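Novice: Attaching a single structure in structure tokens format; questions to follow.
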């Protein structure tokens, strides 16, 4: 089975004298969850930015399949002047909308609102909904459940795990317990 994500000998730093990553390599296949765990400032979100192509590595290579991303801050993930439903329709097919709404405990009526009219947890679930409707091969999750209470966090992660038959997931988190619960491999940075 080919990899959905291949990182080979990645080196990156905001200055050449102070590298966040040096010769980092990892691969991820369909059906796997790998977790990148570390303290704040360790470079977890920077790795996320490198994978999605927003930053350029100093050396090494990153190859990835079709991705969807769930960012740590859901308020920066949506345009403030458009309803959530319109923003989801812009990037995804909504055939499975009702299925995912049920699975992440989100009411359809909330999608008719503007982002600032939702709580952080509701908006984060809408972000996860959008990412899943995009039907990714690789789902990149940057602290996806930090805005959710424990019960909703468990429901959302359980729903994501049920879809591993069609994708792989890279979870970036500081929550070691969450990583131990769901990840096939934990990479400490």
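The values are calculated or read from the model by the stated rules, or taken from the named source; none is laboratory data. Quick caveat: nothing in here was measured; it's all calculated off a predicted structure. Because the Cβ atoms are built from the backbone with ideal geometry, glycine has one as well, and the counts that use them run over all protein chains shown.
Novice: Scan segment 49-66 for residues that are in a helix (DSSP H, G or I) and out of contact with any strand residue (DSSP E or B) (no Cβ under 7 Å at 6 or more places or on another chain) and jot them down.
Specialist: Within segment 49-66, just 49 meets the criteria.
Novice: Among the listed residues 116, 79, which satisfies the condition of being surrounded by fewer than 16 Cβ atoms within 10 Å (Cβ to Cβ), in a loop (DSSP other than H, G, I, E, B) and touching a residue at least 24 places away in the same chain (Cβ under 8 Å)?
Specialist: Only one candidate passes the filter, namely 79.
Novice: A further question on this structure: Being assigned to a helix (DSSP H, G or I), modelled with pLDDT of 90 or more, under 26 Å from residue 50 (Cα atoms) and touching a strand residue (DSSP E or B) at 6+ places or on another chain (Cβ under 9 Å) narrows it down to one residue among 131, 126; which is it?
Specialist: None of the other options fit; the residue is 131.
Novice: Please go through segment 1-48 and give me each residue that is within 20 Å of residue 135 (Cα to Cα), outside any loop (DSSP other than H, G, I, E, B) and modelled with pLDDT under 90, ordered by number.
Specialist: 48
Novice: Out of all the residues in segment 173-188, which are surrounded by fewer than 17 Cβ atoms within 10 Å (Cβ to Cβ) and assigned to a loop (DSSP other than H, G, I, E, B)?
Specialist: Hits for segment 173-188 are 174, 175, 184.
Novice: Follow-up. Take the residues in segment 67-76 that are in a loop (DSSP other than H, G, I, E, B) and touching a strand residue (DSSP E or B) at 6+ places or on another chain (Cβ under 7 Å); name whichever of them is farthest from residue 137 (Cα to Cα).
Specialist: Among those residues, the one meeting the criterion is 72.
Novice: While we're on this one: In the list 148, 141, 154, 170, which residue meets the criterion of being within 24 Å of residue 108 (Cα to Cα) and assigned to a strand (DSSP E or B)?
Specialist: That would be 141, the only listed residue that is within 24 Å of residue 108 (Cα to Cα) and assigned to a strand (DSSP E or B).
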